[in-house]
1. Which of the helices (runs of 4 or more DSSP H) contained wholly in region A:118-175 include at least 2 residues that are more than 19 Å from the chain's Cα centre (by Cα)?
2. Considering only residues that are of a type in the set (Gly, Ala, Ser), open to solvent by less than 10 Å² (accessible area, probe 1.4 Å) and over 24 Å from A:Met208 (Cβ atoms), which ones fall in region A:87-131?
3. When the residues of region A:588-601 are narrowed to those that are of a type in the set (Ser, Thr, Tyr) and surrounded by 14 or more Cβ atoms within 10 Å (Cβ to Cβ), which ends up nearest to the other protein chains (Cβ to nearest Cβ)?
4. Which of (1) more than 9 Å from chain A (Cβ to nearest Cβ); (2) open to solvent by 10 Å² or more (accessible area, probe 1.4 Å) is the odd one out, the single condition B:His118 does not satisfy?
5. Name the residue, out of A:Leu548, A:Leu553, A:Leu530, A:Leu557, that is more than 9 Å from chain B (Cβ to nearest Cβ), open to solvent by 20 Å² or more (accessible area, probe 1.4 Å), of a type outside the set (Val, Ile, Thr) and more than 14 Å from A:Thr359 (Cβ to Cβ).
6. The conditions are (1) within 29 Å of the chain's Cα centre (by Cα); (2) surrounded by fewer than 16 Cβ atoms within 10 Å (Cβ to Cβ), and A:Tyr78 fails exactly one of them. Which is it?
7. Residues of region B:131-186 being of a type in the set (Asp, Glu) and part of a helix (DSSP H, G or I), which ones?
8. Return the total of residues in region A:12-65 being of a type in the set (Asp, Glu) and surrounded by 14 or more Cβ atoms within 10 Å (Cβ to Cβ).
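The values are calculated or read from the model by the stated rules, or taken from the named source; none is laboratory data. Everything numeric in this text was worked out from a predicted model, so none of it was measured. Cβ atoms come from the backbone with ideal geometry, glycine included; neighbour counts cover every protein chain shown. The area values use the complete protein model at the heavy-atom level, side chains included, leaving out ligands, DNA and RNA. Shrake-Rupley method; radii C 1.70, N 1.55, O 1.52, S 1.80 Å.
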Amino acid sequence: MGTLVTLNIVLPWVAALIIFLAKKDVITNFLTFLMLPILMLTAYLAYIQPHPALIETPKWVDLAITIYDFGLLAYFFYQGVIRKNVLITVLATIQIVFLIIVLLMMNHSLTPNIYVDNITLMFYLIVAIVGVPIAIFATKYMDYGEKGKHSFVAIVVWFLGVMNFAVSVNNIEWFFALFETTTLASYVMIGFRGDKEAINNSNLALWMNQIGGIAILIALMIFVKIDGFYHFTDLLSHPENVSMAALGFLSLSALVKGAQMPFHKWLLGAMVAPTPVSAILHSATMVKIAPYLILRIAPVIKGTLLAKLLIITTGYVFVVAAIIALTQDNFKKILAYSTISLLGLMMLAAAVGTPIAVTASLILIIFHAFAKGFLFVEAGVLEKVFHVKYINQMRRLIEKAPLTLMFIFFGFLNMTFVPFGTFIGKWMMIEEVSNFLQHGSYILLILYVGAGSAFLSILYMKVLGISVRKAHGIKKTSFVKLPKTFNFVSVWYYVWLLAITVFIAPFIAEFVVPIAKSIAGEPEIYATGLTLHMYNSTLYFWQIFGALILLLLIHVLPYFVKFKADVVHPYNCGENFPRHMETWNFECLAKYEGYFVAFSIALFIMVVVLGGGLL
Amino acid sequence: MINVILTILAPLLGGVVYGLERVVKARMQRRVGPPLLQPFYDFFKLMDKRPIMIHSLHALMGIMYFIAEWFALAVLLLGNDLLIAVFFHVIAVLALVIGASSVRSPYSVLGALRELMHMISYEPLMVLMVVALYLVIGSFDIRDVLSYEGYPVLEIPLVFFAFLLTIPMMLQKSPFDIAEAHQEIIGGPEIEYSGPFYEALYTGKWIEYIYVFTFVFLFGGSHYWLGALLVVIAFLFVNLLDNSSARLDFRAMVRFAWAFLIPMAALNIILLALWQ
């Protein structure tokens, strides 16, 4: 197990280093492609090993990580100085001071520093299957008039290694180091283009994420001072005497990393970077640390005031981010808001912490990773090949870019419609919450889930609506030839999503349920054949197939079906046709954005102050 | 068995309901109205017409709407989870919206966008209604609901009332016939369909009648006479409302749903949960 975990972590780092140093097209392309089978194999081999496993590390690693920590913070400090950003400098200084205090306080612990369990292994698989194709995509994307292809691909690949490392650590001090490393990686990637906007947004990402880092350090101080331990496993084995304040700060760092309001701006800022950056931040890495962290501490915080406040906050973000997304006109921004929204739902489900809710959270994490990676890859194709960035440019996309639109359509279907994973997550949440209702609480939660999913549905339908618009009659749709790499990545995601959806019942029962079981106990979910059962409810296989076939027909059939009927112009009551038709921009909602954010700040403070018991 | 028959015969039955509605509406306006089977006469006439379309995508979505609507009803009647049936209805809305947005006709596109506003108004309420039924009965299974000994409508009267006011939104009745709005946007999503393709859309609407009134019927529990009575009351109420009210703005509809209906249903659920 130890070797496999090391391989999973180190291989991307090594590959990234080689790519970075070689700076040759052949090596970059070949090595990135090679990472796909290799990482899938190592992740799979690790998955079939007995787990959970605690792995001892040599002493020098601990020392190296501490030194690395200081190096990293010094780098942040330096960046703050040369970019003349006081906030970054001050936050870096605070972190350095806190880190020193933590190190002085910390006594030696015998608990191993690496802990690999189901969740970790799930993330290995996600990183391998969802993350690596994005790096492959980046190798071609960067050929379209972007500078610094090799260093960029190297950073993307390295990021995957960082993510693998971050989800396997047990020591919270190490976790801090990797948390800040992901911050560094996102900082470098967001600022990659080096223009003014990129620099500003990368600064924003840096200081916001540093707040998360400070929160972890404070949590660490409290853990060490009050409880005397600082490992996740120790935390879980002594749930009764864990300090709530520390958990409050830990969840605060999760909220920051998960770009929950009011800290959502950094994730939106990430869209100025090349599109693979957004793809990787949104799907397999970075923001997924947030639900991961909540899942880690879920058994401890379950049922506490902190969990309830987290539910209120993240549920609020789930709904409000979906509403704000309606007012946006930039395609990548719309996707970003829907990520923020769904991250809220994931964390909400994790914070509820019952077996079924945890299952729902895991399903959402997996499917969101696939669907968002997919959608952002398509957004990159749109941007580079078709020069489309805004939804009003997406007019008549069905004629201009039929294949890409088909993929986007499928991605959107995955985010909300019936047989797909995201729907199953929501369905489980509503059923689970209905059970709680017997106690008269959680009515808010049902409203959150019901309203949020409705808003997200109309968001996707709105975007799809504008892109399927056609001219009169049937013009020949023009198939633009796309690069092989793009097609490979798109088809890769498409096939995976389709395969998992067809076998969703056994997938959930065989793969997700054991993970949820190790976190929160046995959920009452099982599969018979392709039918999914939960409590007394059943999602029959004919329903899954029926919905899947209906939706496949809706998004694929238009390209194949040609009715033999006479074609006429739209009737339109005989009036003139407008040159352009736009879509609603929901201006009436845009003016509330300030209020929404203000309220989220209040909720955010409540989580820390009340949830952490600081009052 | 009866639900299989009901599912298969849904288009026929929906047509009869629609015909009945036209008769009832006419009588309320002191007209004679069309014969009961007028929708079927229309059906045969439309099927006989020369098929004309804008483009295949548009025509196809009309047919998909019909199939999705029928399938949603099948899920409601033959499945065992009401919640899933609610979400299946969204697929039908998707087909309708995609079809309507795909043509270059402002009426159709506007109708599609308004259809989304309808969805945002009724969908959370449908979820709340199903959850309220769960709270009363303890199961999402339609068979359990139909064998429940008590009277759901008496335990969740506010939810029932809220749903009663939601029916006009789902069936495009005044004051909430905003997406169709015949005098304003000439039928919205329907305007560009013709001949057999329009017939598909038209029949889809009939099935929606059955879909909606099945939910009303559930409020009777195992007392089928009560369920039937509720369906009749709801039917008459909706038609009366349709005849006696003017169309509202879509903002008013969304505001009404979110500021009045949803809080009302939520209040009922909270009270019930505390009562238990």
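1. A:132-141, A:149-168
2. Residue satisfying the conditions is A:Ala128 alone.
3. So the residue we want is A:Tyr592.
4. (2)
5. A:Leu530
6. The one condition A:Tyr78 does not meet is (1).
7. Those that are of a type in the set (Asp, Glu) and part of a helix (DSSP H, G or I): B:Asp144, B:Glu155, B:Glu184.
8. Result for region A:12-65: 1.
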